[in-house]
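Since the structure comes first, as structure tokens, the remarks are kept for the end.
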Amino acid sequence: MFLFQSEAKSKEMGAIHTEREIAQQPDLWLQTYQNMVSERERIQTFLGTILNRHSHVKVILAGAGTSAFVGDTIQPYLQKVSGSNKLEFHSIPTTNIVSNPSEYLHADMPTIMISFARSGNSPESVASVEIGEKLVQDFYQVQITCNPDGYLAKKSTDQEKSLLLLMPKESNDQGFAMTSSFTCMMLSAMLLFQTDRLEQYESVIQHISRIGSHFLKNGTKRLATLAEKPFSNIVYLGSGSLLGLAHESSLKMLELVNGDIFTLYDSPLGFRHGPKTILNDKSLVVLMISNNVYTRKYDLDLLKEIYREKEICSAHVLAISDDFIEEVRENSDYYLYTELPEGSNDSLQGIEDAWLAFPFILYGQVFALHKSLQLGFQPDNPCPSGSVNRIVQGVTIHPYSS
């Protein structure tokens, strides 16, 4: 499926990989779920051995860039649903672990490092694992990667201390910006600690897949039109899991427009504490509305505040929610909400914000793709100078001794 007229047109625009990798995600989510079902026994044996051996385990969700934002998005969810008081979840970028290992890795704390890696070859991903093996007495690894030929995949050979989970091969994005790799790794990690109840989530995954497919077939033109507006800065806001997703959405835009638009992310409550000064008549605020009834009160407060202050700062507001909310429509310039095909009997409502992240990131990816093209960039290679690369370069890993 192509968002533009044809495969030839997409190639001409330098968007063939990015476009395909965005469009394939609803199908890959279904495939990822089936992969986790088939891996259930191996996962349960691995985690069960660790939990039987230790009374308390630190779980580090680790990655760099977009891979780090996988952890940021799902950490609150995993801590809530893991069902074990033995597990303590932390989202820590590999870039922090490598530069400050003694602050995050402790010899006497049993640790599972879950490495999110599209290629598995990023210098910090490799170094984080190697430092963890050196510093932590009981160190376990889960490699969630899209590349079977990467360093991390090939290194994962110890069946007792490491677990390799390969994503669908199509998720090994060839475009500059991570898209399907992000969502497939996120879905795998959300299910990793719930393999005893995977069947409960099949309907949820089918639901988000249908929402995503319907949007990609029918809703992308609205974002193409919005991309024509001359915004000079875009702010992404979300609470809880949606804060991590706001960070990823912000980076997608920044990457695909090669830094030509300033982007920022924050929580709705945090935004008032200084960052709000950025707003002007060239600003777009993208506010993702939580499905949590309590959290949503704060989202709506800020939405109304920004909208009624248009005479002061003239900022534009794009609101995104799950179901249609009249109050949101009345207080936004642009409004997207999840929709299903006409006649669908899918009655699933009120899913947790971590699951909303899947359709919501599609909006962010498609918006960034159209904005990239509108500014004259080629999304598959928006930085032809090579100052920023698909796999980071120029990192020197210095030998570490405690």
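Values quoted throughout were computed directly from the atomic coordinates according to the rules given, and no laboratory measurement underlies them. Keep in mind that this is a model prediction, so the values were computed, not measured. Backbone-built Cβ (ideal geometry, glycine too); neighbour counts: all protein chains shown.
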For the chain, longest principal axis from Cα atoms; helix 123-135 axis from its Cα atoms; angle between them, nearest 10 degrees, is 40 degrees
What is the dipole size for the stretch 163-253, taken about its Cα centre, with +1 at each Lys and Arg Cβ and -1 at each Asp and Glu Cβ, in debye to the nearest 20?
380 debye
Tell me the label only: which of (1) 19.9, 70; (2) 21.9, 77; (3) 20.8, 63 is Rg and Dmax of the Cα atoms in Å as calculated from this structure?
(3)
Can you give me the angle between helix 25-38 and the longest principal axis of the chain, using Cα atoms only, in degrees from 0 to 90, rounded to the nearest 10?
20 degrees
Pairs over 25 Å Cα to Cα, from Lys134/Lys161; Lys229/Lys252; Lys221/Lys297; Lys252/Lys297, come to Lys221/Lys297; Lys252/Lys297
Using just the helices of the chain, give the 222 nm mean residue ellipticity in deg cm²/dmol: DSSP H runs with n ≥ 4 each add -39,500 (n - 2.57), and the total is spread over all residues, rounded to 500.
-14000 deg cm²/dmol
Computed about the Cα centre, the charge dipole of the stretch 20-82 from +1 Lys/Arg and -1 Asp/Glu charges at the Cβ has a magnitude in debye, to the nearest 20, of 260 debye
Taking springs between alpha-carbon atoms closer than 10 angstrom, which of Glu311, Glu339, Glu352 fluctuates most in the Gaussian network model of the chain?
Glu311
Residue by residue through the stretch 8-23, the couplings from Karplus 6.51 cos²θ - 1.76 cosθ + 1.60 with θ = phi - 60°, in Hz, x for Gly and Pro, are 4, 5, 5, 4, 4, 7, x, 10, 4, 6, 4, 5, 5, 6, 6, 5
Please determine, in degrees from 0 to 90 and to the nearest 10, the orientation of helix 202-218 with respect to the longest principal axis defined by the Cα atoms of the chain, where the helix direction is its Cα long axis.
40 degrees
Have a look at the DSSP beta bridges in the chain and tell me what percent are antiparallel, nearest 5.
0 percent
Taking the C-alpha atoms of the stretch 14-162, how large are the radius of gyration and the largest Cα-Cα span, Dmax, in Å?
15.7, 52
Along the charge dipole of the chain, Cβ charges K/R +1 and D/E -1, which of Leu87, Ser125, Gln393 sits furthest on the positive end?
Gln393
Sparse-neighbour loop sites [trypsin sites (Lys or Arg not before Pro); the stretch 202-278; at most 15 other C-beta within 10 Å; DSSP]
Arg272
Integer Hz, Karplus 6.51/-1.76/1.60 couplings in order for the stretch 84-98, x for Gly and Pro:
9, 7, 7, 9, 10, 9, 9, 9, 10, x, 4, 5, 7, 4, 5
Ranking request for peptides 314-323, 64-73: highest mean number of other beta-carbon atoms within 10 Å first, then the rest in descending order.
64-73, 314-323
Counting sequence-distant residues (5 or more places) and residues on other chains, those with an amide H built under 5 Å from that of Met13 are none
In a GNM of the chain with a 10 Å cut-off on Cα contacts, which of Thr277, Thr295, Thr183 has the highest mean-square fluctuation?
Thr277
Compute, for the chain, the length of the dipole vector about the Cα centre, with Cβ point charges of +1 (Lys, Arg) and -1 (Asp, Glu) only. Units Debye, rounded to 20.
360 debye
Of the GluC sites (Glu not before Pro) in the stretch 205-297, which ones lie in a loop per DSSP and count no more than 11 other C-beta atoms within 10 Å?
Glu228
Please name which of Leu318, Pro341, Leu245 has its Cα lying farthest along the dipole of the chain towards the positive end, using unit charges on Cβ (Lys, Arg +1; Asp, Glu -1) and the Cα centre as origin.
Leu245
